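Take a look at the structure below.
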Amino acid sequence: MVELAEQEGMEPVEARKVLGIDVTDQVAVKVEKLDVIYRTSYEKVPTFKSALKRMGKGERVVKEVLALHDVSFEITHGTVLGIVGHNGAGKSTLMRAIAGILPPSAGRIEVHGRISTLLALGVGFNPALSGRENVMLGGLAAGLSREEVNERYQVIADFAELGEFIEMPMRTYSSGMFSRLAFSVAVHMEPDVLIIDEALSAGDAKFKKKAAQKMDELMGQARTMLLVSHALGTIKEMCNDAIWLDHGRLMGRGDPGEMVDAYLHHLDVGDDATAMEDL
């Protein structure tokens, strides 16, 4: 179980405590009363009078942004959970908190099993290194041994279909090539919990079909998945459970179709093709 307990006064940096993993537990992910607060500072523009008092120096102001507030839910193994909400609703913050990248400002997160994440295009890759080298680093970071990564390397490379580019620095890759390799690494780590944040929107039609087939395969193996996507049709098609976030709060949970419809009704945009793909 990976446990992230309350972190008072901490900035959002990586903080996690590994207590041992038991994937036989029925609950895969449990989130209790989760708050995540970002603390930022900026220099307040001084008035002429205050500038004279401070000898021309500005005043540093600390601002707190409540990205998530009092979010609670749990999912069992085998669940494919979709997360919907507008930009800034807290979806990506929630995924990063569950992945152990952001510490809770309050509350508790439990994850039972090995996590593999595909949080954003190219996150975790070193652009100066080759695709091959990044595959090795990604596998080692996921907890695999060097031998295990070597055994899976060719499968990962073949799935990504990068050809000779696999040996080139990733700074030379297009966004689609980044996406293909990142997705291939994430899904071939044999995760118990797979987190995907807006990663299926990149890539050509052929790769999207291939990615969807791989997702179906993982679902058939009763793997747990958390999927963030603005393509609401994808949420309806691929997920068997869904939550709706709005300004950091959990607005609802239930059938993906019902959650998507409630979200669209809230936005008052209807369910036309553009809304289903771009919101």
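Of note:
- Scanning the stretch 66-111 for residues that are among the β-branched types (Val, Ile, Thr) and assigned to a strand (DSSP E or B), we see that the one that is nearest to the chain's Cα centre (by Cα) is Ile83.
- Looking across the stretch 128-148 at every residue that is part of a loop (DSSP other than H, G, I, E, B) and modelled with pLDDT of 90 or more, the one that is nearest to Ala160 (Cα to Cα) is identified as Leu129.
- Sole residue being modelled with pLDDT under 90, small (Gly, Ala, Ser) and in contact with a helix residue (DSSP H, G or I) (Cβ under 7 Å, 6 or more places away or on another chain), chosen from Ala211, Ala157: Ala211
- Number of the exception - Leu226 against (1) under 20 Å from Thr117 (Cβ atoms); (2) outside any strand (DSSP E or B); (3) not β-branched (Val, Ile, Thr): (2)
- Subset tally (residues that are among the basic types (Lys, Arg) and either more than 21 Å from Met225 (Cα to Cα) or in contact with a helix residue (DSSP H, G or I) (Cβ under 9 Å, 6 or more places away or on another chain) (or both)) for the stretch 102-154: 3
- Against the criterion of being of a type in the set (Val, Ile, Thr), over 12 Å from Gly85 (Cα atoms) and either more than 19 Å from the chain's Cα centre (by Cα) or at pLDDT 80 or above (or both), Val269 qualifies.
- Residues considered: Gly90, Gly100. Of these, the only one that is surrounded by fewer than 21 Cβ atoms within 10 Å (Cβ to Cβ), closer than 17 Å to Lys33 by Cα and touching a Leu at 6+ places or on another chain (Cβ under 7 Å) is Gly100.
For every residue, the table says whether it meets (1) within 18 Å of the chain's Cα centre (by Cα); (2) surrounded by 14 or more Cβ atoms within 10 Å (Cβ to Cβ).
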{"position": "Gly131", "(1), (2)": "no, yes"}
{"position": "Glu164", "(1), (2)": "no, no"}
{"position": "Phe183", "(1), (2)": "yes, yes"}
{"position": "Asp204", "(1), (2)": "no, no"}
{"position": "Ile235", "(1), (2)": "yes, yes"}
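- Residue in the stretch 187-208 that is in contact (Cβ under 8 Å) with a residue 60 or more places away in the chain and either in a helix (DSSP H, G or I) or touching a Cys at 6+ places or on another chain (Cβ under 8 Å) (or both) present: yes
The values are calculated or read from the model by the stated rules, or taken from the named source; none is laboratory data. Quick caveat, the model's predicted, so the values are computed rather than measured. Cβ coordinates were reconstructed from backbone atoms using ideal geometry, including for glycine residues, and neighbour counts include every protein chain displayed.
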